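First comes the structure, then the notes that go with it.
Derivation of every value follows stated rules applied to the coordinates shown; laboratory data play no part. Remember, predicted model here, so these are calculated numbers, not experimental data. Here the Cβ positions follow ideal geometry from the backbone for every residue, glycine too, while neighbour counts run over all protein chains shown.
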Amino acid sequence: MKRLIGKMKVVDFDLVVSLLAGAVSVRDKLMKKRKRAVVRNINLIVIHCTATGDYPLGHLYFDRIGAKQIRQSHMASLESGGRNFDDIGYHFVVRRTGLLERGRPESVQGAHCYGSNEKSLGIAYVGTMKPTDGQIETMRLLLRDLMQKYHLTKDQIKPHCELNPHKLCPGFDIYKTLLWDFK
Ligand SMILES: [Zn+2]
């Protein structure tokens with residue numbers, strides 16, 4: 001490098017070539033990374049429940065249910081009662097404590113709402129009929145965040161049961177509980 005800067009007359013062509021090649025490969029890598037980071041065209045958020053019961057906080061077993069356990073059950077074989085998925089079906093999981101966990105990357109299509117997976121994100125709260133205060137707070141914050149990120153309106157947030165009417169999921173009214181003051 002010193003040779004290149006200090007004595008331009010003595011140009012080391014091999015060095016120049018390798019520097020240029022390096023710059024090209026860095027640029028290629030960045031382009032690829034950017035391409036990978038391109039977000040899917042998201043036009044819908046679907047709210048789910050895990051149907052694991054509405055246990056109060058402090059329950060030794062149920063407080064532990066989170067993305068890891070759901071991922072295991074979604075990836076388990078059909079014979080063992082699983083879903084045989086490649087990964088957890090949801091993009092986000094909200095534990096009973098209100099802790100938010102990531103599931104499938106947002107850039108990857110989920111497996112949570114038959115017929116509506118391609119352009120959606122799936123959020124599951126651990127519970128059945130009644131989210132905890134912590135879960136409500138976390139879901140509201142998450143929804144506001146995602147609405148801003150993907151330029152979505154309140155009308156683009158739906159409960160699973162509205163998209164697949166034979167489902168009872170989630171077991172609470174998202175409009176009254178989560179979206180009551182959303183614009
Ligand atoms: Zn569901």
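Distance between the C-alpha centres of the range 111-138 and the range 54-105: 11 Å, rounded to the whole angstrom. Summed over all non-identical Cα pairs, the Kirkwood treatment of the range 40-177 gives a radius of 15.0 Å.
Among residues other than Met147 with Cβ under 12 Å from its Cβ, the summed charge is +3 (Lys and Arg +1, Asp and Glu -1). By other beta-carbon atoms within 10 Å, ranking Met147, Met129 with the fewest at the front produces Met129, Met147. Taking other C-beta atoms within 10 Å as the exposure proxy, Arg104, Arg144, Arg40 rank Arg144, Arg40, Arg104 from fewest upward. Working from Cα pairs under 8 Å separated by at least six residues, relative contact order for the range 40-177 is 32 percent.
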